[in-house]
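See below for the structure under consideration.
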Amino acid sequence: MDSLALGADLEPEPVVDEHSTVTLHVNGDPTTLTVDHRTTVLETLRESFELTGAKKGCDHGQCGACTVLVDGRRVNSCLLLAVAQDGATITTVEGLADGESLHPVQRAFVERDALQCGFCTPGQICSAVGMLREAADGHPSHVTGPDTAAGPAGPVALDADEIRERMSGNLCRCGAYPRIVEAIEDVIE
Amino acid sequence: MKPFGYVRPASTDEAVRLCAEGAGARFLGGGTNLVDLMKLGVETPRVLVDVSGLPLDRVTRTADGGLGIGATVRNSDLAAHPEVTERYPVLSQALLAGASGQLRNSATTGGNLLQRTRCRYFQDVSKPCNKRLPGSGCPARAGTHRDLAILGHSPECVATNPSDMAVALAALDATVVLLGPEGERAVPLTEFHRLPGENPDQDTVIRPGELITEVVLPPPAPGAASRYRKARDRASFAFALVSVAATLRVAAGRVEHVTLAFGGVAHRPWRARRAEAELRDAPATPAAFQHALIAELAEARPLRDNAFKVDLARRLALDVLGELTERQPTRTG
């Protein structure tokens, strides 16, 4: 156990446990578990929840394969410490479908065959779901015209350029990008 | 990653106290840079003080018509905030030019200002680096430095500050509010980040235990247009080779108000004071812009492989100033 020697004689040492107990609401169900502080949300999902949809690609927030929705927002789960997400609502690709009925983004990816190896697909799909919500909420992007961005907030119309820009945090080394863009366009229509 | 403690303070005062209590404490915001650096072994905190739940997540108008931006406001929320898109478009554009949608959803205002350089030698613990390990040397000077500094660097360090947001904040005359064991103080953003000098391990003037609580913007310059442009190796999700943030007001063909800042060229956002001084009351013409930019960049000292940045900075700023001249808002009354 580390000790915070500096100042130890002045004030009581802060608790420096290396584990904490957290409650995560994953795909609807609350689960309380004890995590090593070093554990990321990605590792917790894959190892404690056995939800292996989210993938460990680069493990540095650069590839997007680990993308999940936390409190409705798309994030890189490889950069989130599980201990810091106590109480959070997490939706993984496994939690998108409504029973046997696939989420519209999942259905579009299947219909467009928007993948080759499929490793990046769960991250692409979760990212697309979060991205569509952001655009519906009127969030501008880098390619939204400066004058448009300064206009009244309303849903942003997504053309292929907007989709490519907003999905740039998800890499596909097979290069399935054209079909991924088409699949997302299908959902918008 | 080495084991570490984790605490979630209930107030900013408690956060500052917890951080001051022991060496090796780090504030945790979104974690998009800190957690990454912990994985790389660059950062080895003994305890994380998680400030992301503190009530610092508000964007509010200040009494004088400026804007107060809480330290834990997420980059994506700030970029989409109506006060920002309508009154400080250069800030929204800078935020949206940075990182990815996922990262912007996690990254905080305070964390963005404290992110470390992406110099590859800094991030690789098997290499010397004066910023990571003072006195160990700087392999970048003779090594890979195409994306590193052309202005204000030192023999010890040629790293660049990677933030887009900070470049816009520099052009907007923002102030950083810090809370520390000895109380609160405010530092102009242009003085918050340091030039490397002989102490490149210190990115900023922040003192041990100090917490960024807020960034404050003055009211926007009346009638001025603003713009952020970024040149990079790919169209999206890449750090700047060079970026430019500018605000400009032209009246009767002359420059009445101008601020200009460069990103990707130095250890801190580079406020182009010399060019601004040359431009004030000068004709708003490409020739005058060119003259001022050449004067500013005369002090550039490019490295072996990044001389292209000098020209890129000049041309990008020339484009931005030209665009802002054409986009002057129609003035009424």
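Some points to look at:
- Pair list, Cβ < 8 Å and 6+ apart or interchain, from segment B:199-212 residues that are hydrophobic (A, V, I, L, M, F, W, C) to residues that are in a loop (DSSP other than H, G, I, E, B): B:205/B:194; B:211/B:51; B:211/B:71; B:212/B:71; B:212/B:206
- Among the residues of this structure, residue B:255 does not count as one that is touching a strand residue (DSSP E or B) at 6+ places or on another chain (Cβ under 6 Å) and surrounded by 23 or more Cβ atoms within 10 Å (Cβ to Cβ).
Condition check ((1) more than 14 Å from every other protein chain (Cβ to nearest Cβ); (2) more than 20 Å from the chain's Cα centre (by Cα); (3) more than 19 Å from residue B:70 (Cα to Cα)) across all residues:
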{"residue": "B:107", "(1), (2), (3)": "no, no, no"}
{"residue": "B:114", "(1), (2), (3)": "yes, no, no"}
{"residue": "B:137", "(1), (2), (3)": "yes, yes, yes"}
{"residue": "B:159", "(1), (2), (3)": "yes, no, yes"}
{"residue": "B:183", "(1), (2), (3)": "yes, yes, no"}
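- Test result for residue A:83, assigned to a strand (DSSP E or B), crowded, with 24+ Cβ neighbours inside 10 Å, at the interface with chain B (Cβ under 10 Å from one of its Cβ atoms) and in contact with a Leu (Cβ under 9 Å, 6 or more places away or on another chain): no
- Taking helices (runs of 4 or more DSSP H) as the structural unit, those lying wholly within segment B:261-333 and holding at least 2 residues that are touching a Leu at 6+ places or on another chain (Cβ under 9 Å) and among the small types (Gly, Ala, Ser) correspond to B:286-297, B:308-326.
- Taking the criterion of being more than 8 Å from chain A (Cβ to nearest Cβ) and either within 21 Å of residue B:121 (Cβ to Cβ) or hydrophobic (A, V, I, L, M, F, W, C) (or both), the only residue of segment B:1-12 that qualifies is B:10.
- Among the residues making up segment A:21-76, those that are closer than 23 Å to residue B:3 by Cβ and buried (at least 22 other Cβ atoms within 10 Å of the Cβ) are A:24, A:35, A:40, A:41, A:42, A:44, A:45, A:61, A:66, A:76.
- Looking across A:88, A:128, one residue alone is aliphatic (A, V, I, L, M) and assigned by TED's automatic domain parsing to the domain that holds residue A:51. It is A:88.
- Of all residues in segment B:43-85, those being within 22 Å of residue A:131 (Cα to Cα), more than 9 Å from chain A (Cβ to nearest Cβ) and among the hydrophobic types (A, V, I, L, M, F, W, C) number 3.
- Residues of segment B:78-99 that are free of Cβ contacts under 8 Å to residues at least 12 places away in the same chain and surrounded by fewer than 23 Cβ atoms within 10 Å (Cβ to Cβ): B:82, B:86.
- The lone criterion from (1) part of a helix (DSSP H, G or I); (2) within 9 Å of chain A (Cβ to nearest Cβ); (3) of a type in the set (A, V, I, L, M) left unmet by residue B:15 is number (2).
- Which numbered condition residue A:64 fails, given (1) more than 9 Å from chain B (Cβ to nearest Cβ); (2) part of a loop (DSSP other than H, G, I, E, B); (3) within 13 Å of the chain's Cα centre (by Cα): (1)
- Qualifying residue in segment A:35-48 (condition: modelled with pLDDT of 95 or more, in a loop (DSSP other than H, G, I, E, B), more than 8 Å from chain B (Cβ to nearest Cβ) and more than 21 Å from residue B:108 (Cβ to Cβ)): yes
- The condition (being under 27 Å from residue B:26 (Cα atoms), in contact with a helix residue (DSSP H, G or I) (Cβ under 8 Å, 6 or more places away or on another chain) and at pLDDT 95 or above) is satisfied by just one residue among A:92, A:67: A:67.
- Strands (runs of 3 or more DSSP E) contained in segment B:154-235 and holding at least 3 residues under 25 Å from residue B:59 (Cβ atoms), in contact with a strand residue (DSSP E or B) (Cβ under 6 Å, 6 or more places away or on another chain) and of a type outside the set (A, V, I, L, M, F, W, C): B:225-231
The values are calculated or read from the model by the stated rules, or taken from the named source; none is laboratory data. As the structure is a prediction and not an experimental result, all values here were calculated from the model. FYI the Cβ positions are ideal-geometry reconstructions off the backbone, even for glycines, and counts take in every protein chain you see.
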